[in-house]
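*Asks:* Shown below is the structure under consideration.
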């Protein structure tokens with residue numbers, strides 16, 4: 001019951017506050033990012049700069065960090081429970097809120113929308129650059145909109161539903177373990193000269209951790225499209241048709257749903273680190289994208305977050321307990 005209550009309170013805290021800037025220095029993901037940078041530098045000094053050596057270094061990083069994060073967070077809670085149980089519960093609720101990105105994802109996407117509707121294209125490019133991995137300097141208006149909608153869809157899986165699932169399964173330590181895996185992938189899981197071999201194992205580990213959550217997230221997002229008045233039937237059809245089109249086994253799951261629900265075409269060629277990557281399109285080109293697609297995507301994300309929390313709470317209370 002404690003995990004269930006902590007997860008619910010954490011969800012509400014995330015909806016209320018998100019991730020305040022004044023707490024960013026001690027945010028678990030920020031600390032994980034610093035640890036990854038230090039560990040990468042340390043491991044690269046001790047292994048040869050060959051494909052095999054870099055793969056072994058990346059393997060050690062991928063195995064060590066998630067286990068260390070889980071053990072450290074579980075150990076902190078264990079100590080706090082013996083000092084003062086209310087403090088342990090407060091820390092656990094705080095961690096539950098910090099592993100979720102419901103409010104931040106919506107707020108950052110809406111910043112892009114506001115820049116598109118009341119400011120300049122350059123400011124919109126800057127705003128969307130905060131939440132996407134691609135190069136944004138040459139994006140036109142439609143490219144900015146698609147990038148924002150795509151990141152809402154993709155991050156609904158790994159920023160909302162996946163951590164929520166791990167949270168309700170094993171509490172804050174397991175959810176933080178998942179965030180460590182996801183953060184490694186976002187930092188070293190690129191197929192460029194620096195990370196092609198070093199990031200191979202962290203990227204595959206992230207694929208494995210997100211395999212089931214991404215598919216569940218897609219089904220929840222289809223339900224959310226019905227709740228918010230979008231085309232759920234088309235969302236389901238496009239999901240069935242396009243969910244395997246991307247190179248990643250997981251990224252197209254929710255993006256295909258979003259494309260179908262809104263009746264637009266997403267993805268396609270994009271520039272990463274100065275190199276053009278030919279990604280397939282998802283969805284049907286039924287109409288041009290519009291700035292209004294961003295708040296529509298955010299409404300689906302918010303509705304899906306409530307549906308996901310309700311589903312996981314039901315599973316936790318009636319099946320796991």
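*Asks:* To make sure I understand, if each residue's beta carbon is the centre and we count other beta carbons within 10 Å, what order do 108, 154, 81 fall in, fewest to most? It would help to have the intermediate numbers written out before the result.
*Replies:* Numbers: 108 21, 154 25, 81 15.
The fewest-first ordering by Cβ neighbours comes to 81, 108, 154.
*Asks:* While we're looking at this one, here's another question. Give me 285, 206 ranked fewest to most by other Cβ atoms within 10 Å of their Cβ, as a rough exposure proxy.
*Replies:* On the way: 285 11, 206 24.
The fewest-first ordering by Cβ neighbours comes to 285, 206.
*Asks:* Sticking with this structure for a sec: In nm, to one decimal, how far is the modelled label at residue 2 from the one at residue 34, with both set 7 Å along Cα→Cβ?
*Replies:* Label-label distance for residue 2 and residue 34, simple model: 2.8 nm.
*Asks:* What whole number of Å gives the distance from the Cα centroid of segment 203-244 to the Cα centroid of segment 247-321?
*Replies:* 7 Å
*Asks:* Taking the Cβ-Cβ separation of residue 24 and residue 287 as r and a Förster radius of 51 Å, what is the calculated FRET efficiency to the nearest 0.05? All intermediate terms of the calculation are to be shown ahead of the outcome.
*Replies:* On the way: r = 39 Å, r/R0 = 0.76.
So the FRET efficiency works out to roughly 0.85.
*Asks:* Then there is this: For segment 1-74 and segment 102-146, what is the centre-to-centre distance using only Cα atoms, to the nearest Å?
*Replies:* 26 Å
*Asks:* What percentages, rounded to whole numbers, describe P(r) for segment 220-270 computed over all alpha carbon pairs with 10 Å bin width beginning at zero?
*Replies:* 31, 54, 14, 0
*Asks:* Would you mind ranking 156, 89, 236 by Cβ crowding within 10 Å, fewest neighbours first?
*Replies:* Details: 156 33, 89 17, 236 20.
Final ranking by Cβ density, sparse to dense: 89, 236, 156.
*Asks:* Let me know the Rg and Dmax you get for segment 54-191 when you use only its Cα atoms, in Å.
*Replies:* Cα radius of gyration and Dmax of segment 54-191 are 18.3, 56 Å respectively.
*Asks:* Next question, about the same structure. FRET efficiency for residue 90 and residue 60, Cβ-Cβ distance as r, R0 = 45 Å, nearest 0.05? Before the final figure, lay out each step's value.
*Replies:* Numbers: r = 34 Å, r/R0 = 0.76.
Between residue 90 and residue 60 the formula returns 0.85.
*Asks:* Moving on to the next point. Can you give the calculated 222 nm mean residue ellipticity of the chain, where each DSSP H run of n ≥ 4 adds -39,500 (n - 2.57) and the sum is split over every residue, rounded to the nearest 500 deg cm²/dmol?
*Replies:* Values: 12 runs with 226 residues, N = 321.
Counting only the DSSP helices, I get -24000 deg cm²/dmol.
*Asks:* Tell me, what are the semi-axes, in whole angstrom and largest first, of the equivalent ellipsoid of segment 23-132 as set by the roots of 5 times the Cα gyration tensor eigenvalues?
*Replies:* Working: eigenvalues 210, 154, 16 Å².
The answer is 32, 28, 9 Å, longest axis first.
Read-outs: derived from the displayed coordinates by stated rules, not from any lab. What you are looking at is a predicted structure, and each value in this text was computed from that prediction instead of being measured. So basically every Cβ, Gly included, is an ideal-geometry build from the backbone, and we count neighbours across all protein chains shown.
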